[in-house]
Every structure is written in structure tokens, then in C-alpha cells.
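Read-outs throughout are calculated quantities, based only on the coordinates presented, and are distinct from any laboratory measurement. Predicted, not measured: the structure shown is a model, and the values here were computed from it. With ideal geometry, Cβ positions are generated from the backbone for all residues, glycine too; neighbour counts draw on all protein chains shown.
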Amino acid sequence: MVTPRWIQQIQQWPVYRQFTDGDASGRGAAAKSAVSDRLTPRTATADKVVKSVCPYCAVGCGQNVYVERGKVTQIEGDPDSPVSRGRLCPKGSASLQLTTGPGREYRVYYRRPYGTEWESLDLDTAMDMIAERTIASRAKSWEWEHGGVRTRRTMGIASLGGATLDNEENYLIKKLFTALGAIQIENQARI
């Protein structure tokens, strides 16, 4: 006997399959269509998975970074992370764009004082400019004493660290800026 077409169509409905296939919660085969049944996860072709931490805020959510042929192909929440238990906020979920997005810049750009255009600099030149300006600012604003009290400080340099820096990085930054004589040293995680 041939099953009428309308019955065949009803049998393809997910709700019908949910109750007839023993998938009462509707989270198994009943929820799959022919198209979704053929799909494979974006992470299936990865050569390796690298554990990382989301770079956006001080929470430190764990991430699994999927790498294929040396290129990052997907970033997802790390279910082994005690902090986030596999979950990521919208910014963390979009962090793949940090590594592969078309807006990512791989060059140093500089706009001269009162300039209107950006110019590309090589990294060595940019680092030399930063070092020279730090030394000049320290020399210009150095105070051996203030109001008769010995200070040995500079008020021309300050540091505001990022929230994703770990304790060791913050320790080294504190040591560097203290050695330079800066007293305005803060971290974004506390603000």
C-alpha cells in the first residue's frame, strides 16, 4: 500500500519525529533536517587546538583556538575553564576577527603633530621614537625634590595597564615605570 503524500509530509515534521522516534526533548535526531544532518562543525578540520585566554577584559575567559595549516580558523569557549565553563560574551565570541579580520593592521601607523594623514612606519623606527620620547619626557619633568621634600620622581609619565595582563606582566610593568620614576601607575582592572 502506498502512503499518501500528505502523511509523508507530516512524517517529515520535526515534531512528529520527536514523538515517534523517542526523542521527547527534541534535541537529538528529531531536530535535524536533511541539510543540518550533512553539516560538519567548523572545528572538525583543525590540526590542533590551542588553549588561550580572551583578550578583552579582566574576567579571563578560557578559549579554544582551532588552528588549521598554521592559520586560526575558529575560536570557541573552553569548557575546561573554571572561569567561563565554555561560555564567551559577544566580544569574546567575535575574537576570531582579531586574528583574521580584514580590518586587522600589521603595520605601525603614525600621524605627525598637527598632521592630517597617517603614514606607515617600520616597527624599529616606531620603537625608537617611543624610547626617545620617554627619555625626553622623563628628563623634562624630573623632580629631585618638591616643596623641600626629596621626591626623585617624574610627573610627565604615567602608566595605565590593560585588564588582560597577568600578575607577572603587571609586576614587570610596575618595576619598569617605578625605575623610570613614575608614580602614576594604575591598571584598568581596578578602574
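Among SER141, MET127, ASN187, whose Cα sits farthest toward the positive end of the charge dipole of the stretch 108-190 (+1 at Cβ of Lys/Arg, -1 at Cβ of Asp/Glu, about the Cα centre)?
Towards the positive end, the residue furthest out is SER141.
Rounding to the nearest 10 and keeping the result within 0 to 90°, find how far the Cα-based axis of helix 123-141 lies from the longest principal axis of the chain.
40 degrees
Can you give the log10 of the normalised intensity I(q)/I(0) at q = 0.09, 0.13 Å⁻¹, computed with Debye over equal Cα scatterers of the chain?
-0.63, -0.99
Taking loop as defined by DSSP and a crowding limit of 13 other beta carbons within 10 Å, which chymotrypsin sites (Phe, Trp or Tyr not before Pro) in the stretch 98-191 fit?
Counting only loop positions with at most 13 other Cβ atoms within 10 Å, the chymotrypsin sites (Phe, Trp or Tyr not before Pro) in the stretch 98-191 are TYR106, TYR114, TRP118.
Report, ordered by chain and residue number, the aspartates and glutamates lying within cross-link reach of LYS51, taken as a straight Cα distance under 20 Å and ignoring same-chain residues fewer than 8 apart.
Cross-link targets: GLU68, GLU76, ASP78, ASP80, ASP166, GLU168, GLU169.
Net charge within 10 Å of VAL49 by Cβ-Cβ distance, Lys/Arg positive one each and Asp/Glu negative one each, not counting VAL49 itself?
-1
Output the relative contact order of the chain, whole-number percent, from Cα pairs under 8 angstrom with separation of 6+ residues.
Reported relative contact order: 11 percent.
Would you please give the residues with an amide H less than 5 Å from that of GLN74, counting only those at least 5 places away or on a separate chain, with H modeled from the backbone geometry?
Counting only residues 5 or more places away or on other chains, the set is TYR66.
So what's the back-of-envelope 222 nm ellipticity for the chain, counting only DSSP H runs of four-plus at -39500 (n - 2.57) apiece and dividing by all residues, rounded to 500?
Result for the chain: -9000 deg cm²/dmol, rounded to the nearest 500.
Given the C-alpha centroids of the stretch 35-109 and the stretch 118-132, what is the distance between them in whole angstrom?
Measuring centre to centre over Cα atoms gives 30 Å.
Given Cβ point charges of +1 (Lys, Arg) and -1 (Asp, Glu) and nothing else, what value in debye, to the nearest 20, does the dipole of the stretch 48-100 about its Cα centre take?
Around 80 debye, computed over the stretch 48-100.
For the stretch 48-100, what class follows from the C-alpha gyration tensor (a ≥ b ≥ c being the square roots of its eigenvalues): rounded when a/c is under 1.5, otherwise prolate if a/b is larger than b/c, else oblate?
Judged from the Cα gyration tensor, the stretch 48-100 comes out oblate (a/c at least 1.5, b/c at or above a/b).
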